[in-house]
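Participant: Take this structure, written in structure tokens, and hold onto it; I'll ask about it next.
Please treat every number below as a calculation from the coordinates, not as lab data. Quick caveat, the model's predicted, so the values are computed rather than measured. Reconstructed Cβ throughout: ideal geometry from the backbone, glycine too, with neighbour counts over all protein chains shown.
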Amino acid sequence: MNPDVIVVGGGIGGLGAAFALTRRGLRVRVLEQAPEFGEVGAGIQLAPNCTRILDDYGLLDEAAGLGVRPGAMVMRDAVDGDELTRLDLGDLERRYGYPYLVIHRSDLHGLLLRACRAAGVDLVTDARAAAYENTAAGARVTLTSGVVHEADVVIAADGLHSVARALLVDDEPVSSAYVAYRGTVPADQPRVADVDLGEVVVYVGPSCHFVHYGLRGGELLNQVAVFESPKARAGEAAWGTPDELDDAFAKTCGFVRDGLPYLWRDKWWRMYDRDPIATWVHGRIALLGDSAHPPLQYIAQGAIMAIEDGWVLAEHVARNRGADGTVDWDAALAAYEAVRPEHCRRVVATSRTWGELWHLDGVRRTRRNALLRARDTYDYSFVDWLYGPTALFPHEEPPLFEPIPLDGAAATA
Ligand SMILES: Cc1cc2nc3c(=O)[nH]c(=O)nc-3n(C[C@H](O)[C@H](O)[C@H](O)COP(=O)(O)OP(=O)(O)OC[C@H]3O[C@@H](n4cnc5c(N)ncnc54)[C@H](O)[C@@H]3O)c2cc1C
């Protein structure tokens, strides 16, 4: 029997959507190209706009048990190591009603996978989607193997290099010329002795930044080092390679440089996003997660947006379902498309400008630091638009924050 919904891609976005739709009573099949479901990388930050949804799904306690509930988020200057500003995450939890968590990606992914299994999602691996088309009754996915899957709706959660996106727009990922190195360090290593695992810390520096936080209840330290690749700027094909890493952080403080040897050097993540698009739905085929809105990761909202997408879609399915269980898919998809693209456009655009702010040098760095030092710890005007309840309708989308008047700021630290 055909499922009601096919989700292509079993990443965090795809599994989140599959679970959200299944708990609304739909039969969902996930098609994942890999031989098994899994996630690569290390930590991920989950802000209250995500933990609110995990709570609604009944998954928050398990997620909190797997991760760390940090007490503060601190921004420091990477060159001198000085603190610039901080968020009190206990107060933030009181304000938004839900915690800020940090969790290993594989733990979050595993949690969603178990939830999908328990809910009865049909999970299919070794299934690579090659083509999508609308049919009279819904939509169809043809795999590279030639096998065809049909459903009322197909959700393409197939990531940055989405095949389905080409149905809507002829575009390419935009290279930022920045690359991320990641790594986890067991808590018994000397490096971890110098670190407060109850803090999420970002060191912002000229053309680079460095992030660390604890994972798995403090068993692991997660570190991420991100820098602009000179080879990328020179147009070389092999860029972001490990030989560039140490040079990129040469001017940073000792604490940051001391963390570099603990990063994995056998894999790295070149950072791309895409220009926002306002149309995500093509008949009965809809984009979700990074296929629709891959961001640069500076405000740590990529996976969160993907989880929000699934939650919003499922809420609109529930609102557009008749007494006999029939879903008015055109209405549900239209409601989804009415609200999510504008929110995600704001996140993608803000992520770009936030990255520029982090990576300043010279007088603009000094001005930035002065502004950040002057910020009140309890001023939430920069995050209210993100961390409040996820909008279901356009009128619920909160106003965006006022941009930082950097050029008007005093050039004194
Ligand atoms: C360094 C870094 C740090 C980050 N930190 C954060 C953070 O702290 N918080 C946060 O919210 N986000 C963060 N992000 C962003 C986040 O990781 C992504 O936005 C998110 O994982 C996207 O999920 P997705 O499911 O949409 O896509 P993906 O994770 O890319 O999943 C796509 C899935 O689809 C499958 N697939 C692809 N093509 C096909 C096909 N043709 N057929 C079948 N299957 C297919 C893939 O195998 C994969 O399983 C970070 C990203 C980076 C690079």
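Participant: Relative to the present Cα-Cα distance, how much length would full extension add between D258 and T326 at 0.36 nm per residue of separation?
Facilitator: Fully extending the segment from D258 to T326 adds 18.6 nm.
Participant: So if R0 is 35 Å, what FRET efficiency would A34 and E356 give, r being the distance between their Cβ atoms, rounded to the nearest 0.05?
Facilitator: Values: r = 34 Å, r/R0 = 0.98.
Efficiency, rounded to the nearest 0.05: 0.55.
Participant: Another question, then. Which ³J(HN,Hα) values in Hz, rounded to whole numbers, follow from the phi angles of region 54-59 under the Karplus curve 6.51 cos²θ - 1.76 cosθ + 1.60, where θ = phi - 60° and Gly and Pro get x?
Facilitator: 4, 5, 4, 7, x, 10
Participant: Need one number: nm distance between label points at A131 and E396, each 7 Å from Cα along Cα→Cβ, rounded to one decimal.
Facilitator: Computed distance between label sites A131 and E396 equals 3.9 nm.
Participant: Could you work out how much longer the chain between T377 and E219 gets when fully extended? Use 0.36 nm per residue separation minus the Cα distance between them, nm to one decimal.
Facilitator: Gain on stretching T377 to E219: 54.0 nm.
Participant: Name the residues whose placed amide hydrogens come within less than 5 Å of the amide hydrogen of L360, ignoring near sequence neighbours (fewer than 5 apart) on the same chain.
Facilitator: Residues meeting the criterion, in which the H sits 1.01 Å from N, are S207.
Participant: Moving to a separate point now. Run the numbers for A370 and D82: contour at 0.36 nm per residue of separation, minus the present Cα-Cα distance, in nm.
Facilitator: Once the chain is fully extended between A370 and D82, it gains 102.5 nm.
Participant: Something else about it: For labels at D246 and V124 in the simple 7 Å Cα→Cβ model, what's the distance in nm?
Facilitator: 5.0
Participant: For region 333-413, state which chymotrypsin sites (Phe, Trp or Tyr not before Pro) are in a DSSP loop and have at most 10 other beta carbons lying within 10 Å of their beta carbon.
Facilitator: Y378
Participant: Please list, in chain and number order, the residues 5+ apart from V8 or on another chain whose amide H is under 5 Å from its amide H, with Hs placed from the backbone.
Facilitator: HN-HN under 5 Å from V8: L31, I155, A156, A157.
Participant: How high is the relative contact order of region 1-95, in percent, counting Cα pairs under 8 Å that sit 6 or more residues apart?
Facilitator: RCO, region 1-95: 18 percent.
Participant: Along the charge dipole of region 1-77, pointing to its positive end and built from +1/-1 on Cβ of Lys, Arg, Asp and Glu, which listed residue (G25, N49, I6) has its Cα farthest out?
Facilitator: Looking along the dipole axis, the top candidate is G25.
Participant: Across the Cα atoms of the chain, what radius of gyration and what greatest pairwise Cα-Cα distance (Dmax) are found, in Å?
Facilitator: Calculated on Cα positions, Rg and Dmax stand at 21.4, 68 Å.
Participant: May I ask for the angle, rounded to the nearest 10°, between helix 105-119 and the longest principal axis of the chain, with both axes built from Cα atoms and the value confined to 0 to 90°?
Facilitator: For 105-119 against the chain, the angle is about 20 degrees.
Participant: Can you work out the FRET efficiency for the pair E150 and S106, with r the C-beta to C-beta distance and R0 = 41 Å, to the nearest 0.05?
Facilitator: It comes out at approximately 0.80.
Participant: Please sort 29-40, 283-294 by packing, taking for each peptide the average over its residues of neighbouring beta carbons within 10 angstrom, highest first.
Facilitator: 283-294, 29-40
Participant: For region 83-131 and region 267-281, what is the separation of their Cα centres, given in Å?
Facilitator: After rounding, the separation between the Cα centres reads 19 Å.
Participant: Which of the listed residues, S145, Y132, V163, is farthest toward the dipole's positive end in region 126-172, when Lys, Arg count +1 and Asp, Glu count -1 at the beta-carbon?
Facilitator: The Cα lying farthest towards the positive end belongs to S145.
Participant: Next question, about the same structure. Please give the FRET efficiency for R95 paired with D194, using the beta carbon to beta carbon distance and R0 = 30 Å, rounded to the nearest 0.05. Write down the numbers at each step before the final one.
Facilitator: Working: r = 31 Å, r/R0 = 1.02.
Here the calculated transfer efficiency is 0.45.
Participant: Taking θ as phi - 60°, what are the ³J(HN,Hα) couplings along region 346-361 by the Karplus curve (6.51, -1.76, 1.60), each to the nearest whole Hz, with x for Gly and Pro?
Facilitator: 5, 5, 5, 5, 5, 4, 5, 6, 5, x, 4, 5, 5, 9, 5, 9
Participant: Taking the radius of gyration and the Kirkwood hydrodynamic radius from Cα positions alone, what is the Rg/Rh ratio for region 119-278, to two decimal places? Please list the in-between numbers first.
Facilitator: On the way: Rg = 21.0 Å, Rh = 19.0 Å.
Using Cα coordinates only, the ratio equals 1.10.
Participant: What distance in nm separates the simple spin-label points at T279 and R345, each placed 7 Å from Cα in the Cβ direction?
Facilitator: Inter-label distance under the simple model: 1.4 nm.
Participant: Round to the nearest 10 and give me the degree value, 0 to 90, for the angle of helix 362-374's Cα axis relative to the longest principal axis of the chain.
Facilitator: In the chain, helix 362-374 runs at an angle near 80 degrees to the longest axis.
Participant: Where the centroid of each part is defined by its Cα atoms, how far is region 305-363 from region 197-238 in Å?
Facilitator: Between the Cα centres of region 305-363 and region 197-238 lies a distance of 27 Å.
Participant: Placing +1 at every Lys and Arg Cβ and -1 at every Asp and Glu Cβ, with all other atoms neutral, what dipole size does the chain have around its Cα centre, in debye to the nearest 20?
Facilitator: My answer is approximately 80 debye.
Participant: Taking the chain as the reference, fit the longest principal axis to its C-alpha atoms, fit the long axis of helix 12-22 to the helix C-alpha atoms, and give the angle between the two in degrees, 0 to 90, nearest 10.
Facilitator: Orientation of helix 12-22: about 40 degrees from the principal axis.
Participant: I'd like the projected area of region 260-328, averaged over all directions, using the convex hull of its alpha carbons. Report it in nm² with one decimal.
Facilitator: Average projection, Cα convex hull of region 260-328: 7.2 nm².
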